[in-house]
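The values are calculated or read from the model by the stated rules, or taken from the named source; none is laboratory data. Predicted model, so just to flag it, every value in this text is computed and none were measured. Glycine gets a Cβ as well: all are built from the backbone with ideal geometry, and neighbour counts include every protein chain shown.
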Amino acid sequence: MKQQDSISIVVPCYNEEEAIPIFYGEIVKKLNTIPNIDYEIIYINDGSRDKSAKEMKQLAIQDDRVKYILLSRNFGKEAAMYAGLKESKGDYIAIMDVDLQDPPVLLKEMYETLKSGYYDSVATRRVTRKGEPPIRSLFARLYYKLINKLSKTQIVDGARDFRLMKRQMVDAVLSITEYNRFTKGIFSWVGFETKWLEYENIERVAGETKWSFWKLFLYSIESIVAFSTAPLALASVLGIILFGIAIVFIVLIIVRTLYFGDSTSGWPSLVCVILLTSGIQLLCIGVIGEYLAKTYLEAKHRPLYIIKEKNTDQKKNSEAENS
């Protein structure tokens, strides 16, 4: 008979050698305040170039509850999270950033909420962006408004990857094996009852962020393409509008020629119109190309990640002694 619940903490890492031991100390301290649970901490090394893998292995030697997954190269955070979820064995699974911007102190409340039975997931969202550049905060707010207008899958403003889920929800997330992943959208798409906890932005404990403005911009485009076909419809609408405008201009030119006999003036404005329509055409082609590229990548059926080394299959010492 099972006597206690188990929690898996999935922690994707990329060049985080300084933060890994600090995170371990904080998460263990908070997990030990939750009564009658067992837990594992799964670090995923996403092709780090520093000593992240060494730090993970050192912690695993000290504590057999620490697991590590070393990917063969950098596959991206989305693939790393999927790898961690797939290797997790807990009844409850949390995804957390190693930089401690996801406060471990919330874990106890999240667990107790799920134990109440009604909710399947407890997620978190930031209500402030203190410490971020103003331009980055502005674009973040605009992004959430845009994607929620374009997509039927709603994304909560300020949503983090940090959440605690029941095993049933994690299994549903793992059943979605698409190559182009946007996990925040997948969490929303699979459904289940989710409670949201709010907290203010927290500065990272060590290291530097790996998300530049340009990377976040590209990531936002990928998320829109992954959960909305509205840009394709928008391209069609632009085509219809430009066609209507072209008809109006043709009529105006014919009328002006018949009444004033001047059909050659206005070539500078004509050049501007040509450049405008050409730019819109290239934009529409680019939108279509983005969807074709995603289809092309999906059709290849390449694995999301390749594991170089892991210790997640190793049993704990206590289990080995009892067997």
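Mind counting the residues in the range 4-55 that are assigned to a helix (DSSP H, G or I) and more than 17 Å from residue 162 (Cα to Cα)?
8
Any residue in the range 3-15 that is over 18 Å from the mean Cα position of the chain (by Cα) and buried (at least 20 other Cβ atoms within 10 Å of the Cβ)?
yes
If I filter the range 56-65 down to residues being in contact with a Phe, Trp or Tyr (Cβ under 7 Å, 6 or more places away or on another chain) and not in a loop (DSSP other than H, G, I, E, B), which single residue comes out as surrounded by the most Cβ atoms within 10 Å (Cβ to Cβ)?
Only one residue tops the list, namely 56.
Report, ordered by the first and then the second residue, all pairs with beta carbons closer than 7 Å, sequence separation of six or more or different chains, a first member in the range 35-62 that is over 19 Å from residue 84 (Cα atoms) and touching a residue at least 24 places away in the same chain (Cβ under 8 Å), and a second member that is among the hydrophobic types (A, V, I, L, M, F, W, C) and buried (at least 16 other Cβ atoms within 10 Å of the Cβ).
So the pair list comes out as 37/7.
Could you go through the range 71-90 and let me know if any residue there is modelled with pLDDT of 85 or more, over 15 Å from the mean Cα position of the chain (by Cα) and assigned to a helix (DSSP H, G or I).
Among the residues of the range 71-90, at least one is modelled with pLDDT of 85 or more, over 15 Å from the mean Cα position of the chain (by Cα) and assigned to a helix (DSSP H, G or I), which makes the answer yes.
Condition first: of a type outside the set (Val, Ile, Thr), in contact with a helix residue (DSSP H, G or I) (Cβ under 6 Å, 6 or more places away or on another chain) and outside any helix (DSSP H, G or I). Now tell me which residues in the range 101-129 satisfy that.
Step one: filter the range 101-129 for residues of a type outside the set (Val, Ile, Thr), giving 101-104, 106-112, 114-121, 123, 125-126, 129.
Next, only the ones that are in contact with a helix residue (DSSP H, G or I) (Cβ under 6 Å, 6 or more places away or on another chain) stay: 104, 107, 119-121, 129.
Correct list: 119, 120, 121, 129.
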